[in-house]
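One structure is given below, encoded as structure tokens.
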Amino acid sequence: MYLSRVTLLVAITLLSIRFTFAQSTDSVQVKTANWRNSRIHRRILWQEAHFDSLFKSKQNINLIVLKNRRRPTIAFGSAGDSLKPTSWFGQKFKALVALNGTFFDTKKGGSVDLIKIDGRVLDTTRLSGKTMVEHQQAAIVIHKNKVKLVFGGNQPGWDRQLSAENVMTTGPLLLRNGKPHPLQKNAFNDNRHPRACLCVGPGKRLILATVDGRNANAQGMNLHELTDLMRWLGCRDAINLDGGGSTTLWIRSVGQGSAGVVNYPSDSKQWIHTGERPVSNVILIR
């Protein structure tokens, strides 16, 4: 019995060491990666990196980095009850950057989570049960062009009480004050998918991120891995957006040339930039 307990303790210790080593190796990879840097605007940086083995898988990551201040303008865009590609929003609103937003009704259109733009509520949070699901428990709030993340919990109607003129309910929340926010154990959180994310920090910066997936060139991340990624990037608060086939990052131009969709949307089932899935709403940088 004594030997059995010792053996078990040693096995647990070795597993803990291996996990810590893997975490440490991955975090160093992210921080020392050969990010390809392109200036979209004097205040907006686009970064892209491909990893052959991050979280023991191939990953392709795009980041938009900017200061969380009055310029450039951060805004939400909505197509109402219709669905439009992310690139359509970027072009219509003359944006520099467009990123898919929160969750929507794929058949009828419209967001299933609250969207408020310039004080007008365009969509309200639709309950599927007595309590709110994780992507309805937090929100991105824009006040005087500064972005912050708010956790409201599962009390129905909490997001309608927010006084800010621009609100997008989404989630789950990943980081809160620099610490991982608890995530429920379910397939959405635990399985790897393409992901989209927004974070506040480090410092006074904002980061918009996409992680490609469902392809041999990029497996995607579960939300625990995405949380680690954003923490390693220095984020203080981070929130998940609608990912999967919706994951799309559009850029108007880089330098003197046009750009377009810069990640690899998974619905095409090919490693190409085309094949956007129409969405209900987006985050815009103008």
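When each of ALA164, ALA95, ALA75 is tested for being in contact with a Phe, Trp or Tyr (Cβ under 8 Å, 6 or more places away or on another chain) and part of a loop (DSSP other than H, G, I, E, B), the lone residue that passes is ALA95.
Determine, yes or no, whether SER78 is over 27 Å from MET168 (Cβ atoms) and surrounded by 15 or more Cβ atoms within 10 Å (Cβ to Cβ). First the steps, then the outcome.
On the way: over 27 Å from MET168 (Cβ atoms): no; surrounded by 15 or more Cβ atoms within 10 Å (Cβ to Cβ): yes.
When the stated conditions are applied, SER78 does not pass them.
If the condition is being part of a loop (DSSP other than H, G, I, E, B), small (Gly, Ala, Ser), over 22 Å from ARG277 (Cα atoms) and in contact with a Phe, Trp or Tyr (Cβ under 8 Å, 6 or more places away or on another chain), then the stretch 98-154 contributes only GLY152. Only one entry in LYS58, LYS67, LYS116 is under 21 Å from the mean Cα position of the chain (by Cα), in contact (Cβ under 8 Å) with a residue 40 or more places away in the chain and surrounded by fewer than 17 Cβ atoms within 10 Å (Cβ to Cβ), namely LYS67.
Only a single criterion out of (1) assigned to a loop (DSSP other than H, G, I, E, B); (2) open to solvent by 30 Å² or more (accessible area, probe 1.4 Å); (3) not small (Gly, Ala, Ser) is not satisfied by ASP242, namely (2). Scanning the stretch 38-55 for residues that are crowded, with 17+ Cβ neighbours inside 10 Å and either in a loop (DSSP other than H, G, I, E, B) or basic (Lys, Arg) (or both) turns up LEU54, PHE55. Any residue in the stretch 230-254 that's on the phi > 0 side of the Ramachandran plot: show its pairings with residues that are in a strand (DSSP E or B) and β-branched (Val, Ile, Thr) at Cβ separation under 9 Å, as long as the two are six or more apart or on different chains. Filtered contacts from the stretch 230-254: GLY234/ILE207. Going residue by residue through the stretch 188-211, is there one that turns out to be more than 14 Å from LEU229 (Cβ to Cβ), touching a Lys or Arg at 6+ places or on another chain (Cβ under 9 Å) and assigned to a loop (DSSP other than H, G, I, E, B)? Yes, the stretch 188-211 contains a residue that is more than 14 Å from LEU229 (Cβ to Cβ), touching a Lys or Arg at 6+ places or on another chain (Cβ under 9 Å) and assigned to a loop (DSSP other than H, G, I, E, B).
The values are calculated or read from the model by the stated rules, or taken from the named source; none is laboratory data. No experiment lies behind these values; they were computed from the predicted model shown. Positions of Cβ are backbone-derived with ideal geometry, glycine not excepted, and every protein chain shown enters the neighbour counts. For accessibility, only protein heavy atoms count, side chains too; no ligands or nucleic acids. Shrake-Rupley method; radii C 1.70, N 1.55, O 1.52, S 1.80 Å.
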